[in-house]
Amino acid sequence: MKRFHNPWITLEEWLEWYHNIVKELQFDELADLEASMLLDSMLKGKVLEFTHIEQMLSGKISVVFGAGPSVEVDIKKFVEFPQKDDFVIVAADGATTALLEHHIIPDIIVTDLDGNVDDLLRAHVQGSILVVHAHGDNIPQLKNIVPLLHERVLPTTQIEPFGCLYNFGGFTDGDRAVFLSSSVNVKAIVLAGMDLEGGIGSFSKPLSMLTHKQLIMKRKKLKIAKELLEWLATKIPIPMYDITTYGVGLRGIMKLESFYELSLHELR
């Protein structure tokens, strides 16, 4: 099976983005390769079949929760929505904690393991599939956390995939969750908690824990996530909606005030 798994973009298109991002952020491609080789060796023969994710998402509406400042408000909107059971819940790393606080177990968590590890493991034990990402900055987390995981794990990389690793496109946990959703036959993708400009959400990483240098890097990554999502919107035929309460809006993605504005009867 092709491990670069997104029918709407090519590996070459993604790698062009990747090389430009690495250059802009001055990251080390060899470190990404080292992390990817480690994750491949740790999970070889233990990886969840991708068909499980396809079956979970195909024909459904994916709601992707980011960990931005809007996430708590957006979760409350979601909880109050009568048709919430029509959605598959995909959480970007830190959003898992916010969802658990509202007694919601994500169906899928997209993570590079830098969030609240206890909450990731708690959700995993209760049924969440973990889509675990390897990059040059999370080698210690891979070594410490991956051995604790169960069989519901899908490993990803941001370089050309090999071994048991997948690549759907995407760079941060949030936009990678959207790229994952776009890779299968979902009816629509809804973004929530995706504040890609302005403040940093407390479920992402509290400002008090970020140095000035880390804050600058975080904002650069959010800018890249925004650019990637706006590019993806030009590539896919899947309807995309953004209900992020404090979000500024994304080009090519319809901004809605609430879940009630979704034309669910048209998406069935």
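No lab work stands behind these numbers, since they all come straight from the coordinates. Since we're looking at a predicted model, the values are computed, not measured. Here Cβ is always computed from backbone atoms with ideal geometry, including for glycine, and neighbour counts include all displayed protein chains.
A straight chain from Ser258 to Gln83 at 0.36 nm per residue would run longer than the Cα-Cα distance by 61.8 nm.
Close amide H partners of Ile253, meaning residues 5 or more places away or on another chain with modelled amide H under 5 Å apart, do not exist here. The 3J(HN,Hα) values that the Karplus relation (6.51, -1.76, 1.60; θ = phi - 60°) gives for segment 6-11 are, in residue order, 8, x, 9, 9, 9, 4 Hz. Gly and Pro appear as x.
Model label sites at Leu30 and Asp114, defined 7 Å from Cα along the beta-carbon direction, differ in position by 2.2 nm. Between amide H atoms placed 1.01 Å from N, distances below 5 Å from Leu196 occur with Val248, all of them 5 or more places distant or on a separate chain.
Annotation: amide H-H contacts under 5 Å for Thr156 (H modelled 1.01 Å from N, sequence separation of 5 or more, or interchain): Val132, His133, Ala134, Tyr166.
Of all DSSP bridge pairs formed entirely within the chain, close to 5 percent run antiparallel.
What the pair-distance distribution of the chain shows, using all Cα-Cα distances binned every 10 Å from zero, is 7, 33, 40, 18, 2 percent. Which residues among segment 141-159 fall inside the zone where the amide N is under 11 Å from a point 7 Å beyond the Cα of Leu38, along Cα→Cβ? Within reach of a label on Leu38: 141-146.
When the pairs Lys143/Lys221; Lys187/Lys226; Lys84/Lys143; Lys76/Lys218; Lys46/Lys255; Lys60/Lys226 are compared against a 28 Å limit on Cα-Cα distance, Lys84/Lys143; Lys46/Lys255 fall above it.
Around the Cα centre of segment 11-247, unit charges on the Cβ atoms of Lys, Arg, Asp and Glu (plus for the first two, minus for the last two) sum to a dipole of about 320 debye.
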